[in-house]
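Following: one structure in structure tokens, then a few remarks.
The values are calculated or read from the model by the stated rules, or taken from the named source; none is laboratory data. Bear in mind that the values here come from a model prediction, so they are computed numbers and not experimental data. Methodologically, a virtual Cβ is constructed for each residue, glycine included, from the backbone with ideal geometry; neighbour enumeration extends over all protein chains shown. When the accessible area is computed, the model is the full protein with side chains, heavy atoms only, and any ligands, DNA or RNA have been set aside. Shrake-Rupley method; radii C 1.70, N 1.55, O 1.52, S 1.80 Å.
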Amino acid sequence: MKSRIMLSLAVTVLASAAPAFAQQKKDANPKKFERAEARKIEPEIRTFVTPQICDMQMISKSRESYGPYYYPINSVESLYNYDITNFQYRSLYRACQEADADAVIEPLFNTYVYEKDPKVLVVELSGYPVKYTNFRPATKTEIEMIGVVYPDAKTSVSVTTDGGQGQQK
């Protein structure tokens, strides 16, 4: 009987000490990675600007051709679509510089690689070079026209009646 009491006492002592051993084991094993997250609310920041509009002055009344522009490549097989798009945009930039233009309207691209020179990508383009002129605050009529021309625009615009100046909401 005495041995049963001693055994029960030993089991009780071990059971009460088990949480302490578990704590020590957890502390002895530092975290390798942990990610915690709480709800965060950032203050809303908005900028209100007067919409600006400008005119485009055609530099040429006919379609102009630019290039060819040459770009080194490893191989046609190693090209991705974004590489080709990047070369076309670079060519468009060079065409604007050549024409002393702010933009080339409706550019058409011809992009190719010759069989005899497979390490060079060639880009030719054509379009209508323009300059931006007459920058001014947009009037109520112009803002309404923008809404008609670009119905999917994600910006709402209201116009005050004091002078027709636009304001973005």
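In table form, for the structure just shown:
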quantity: Test: PRO19 is at pLDDT 75 or above, at negative phi and loosely packed, with under 13 Cβ neighbours inside 10 Å; calculated: no
quantity: Residue in the range 37-55 that is nearest to GLU144 (Cα to Cα), counting only those that are open to solvent by less than 100 Å² (accessible area, probe 1.4 Å) and among the hydrophobic types (A, V, I, L, M, F, W, C); calculated: ILE53
quantity: Filter pass, LYS140 being touching a residue at least 12 places away in the same chain (Cβ under 8 Å) and among the basic types (Lys, Arg); calculated: yes
quantity: Enumerated strands (runs of 3 or more DSSP E) restricted to the range 57-169, each holding at least 1 residues that are among the basic types (Lys, Arg) and modelled with pLDDT of 95 or more; calculated: 120-137
quantity: Subset of the range 61-90 (residues that are of a type in the set (Phe, Trp, Tyr) and touching a helix residue (DSSP H, G or I) at 6+ places or on another chain (Cβ under 7 Å)); calculated: TYR66, TYR69, TYR71
quantity: Filter result for VAL104 (touching a strand residue (DSSP E or B) at 6+ places or on another chain (Cβ under 9 Å), open to solvent by less than 60 Å² (accessible area, probe 1.4 Å) and under 14 Å from GLU64 (Cα atoms)); calculated: yes
quantity: Residues satisfying the stated conditions in the range 121-141, i.e. buried (at least 16 other Cβ atoms within 10 Å of the Cβ), in contact with a Gly (Cβ under 9 Å, 6 or more places away or on another chain) and farther than 19 Å from SER62 by Cα; calculated: VAL122, VAL123, ALA138, THR139, LYS140
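Matching residues to (1) in contact with a Pro (Cβ under 9 Å, 6 or more places away or on another chain); (2) within 30 Å of THR50 (Cβ to Cβ):
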{"site": "ALA99", "(1), (2)": "yes, no"}
{"site": "PRO107", "(1), (2)": "no, no"}
{"site": "THR111", "(1), (2)": "no, no"}
{"site": "LEU121", "(1), (2)": "yes, no"}
{"site": "LEU125", "(1), (2)": "yes, no"}
{"site": "PRO129", "(1), (2)": "no, yes"}
{"site": "TYR132", "(1), (2)": "no, yes"}
{"site": "THR139", "(1), (2)": "no, yes"}
{"site": "GLU142", "(1), (2)": "yes, yes"}
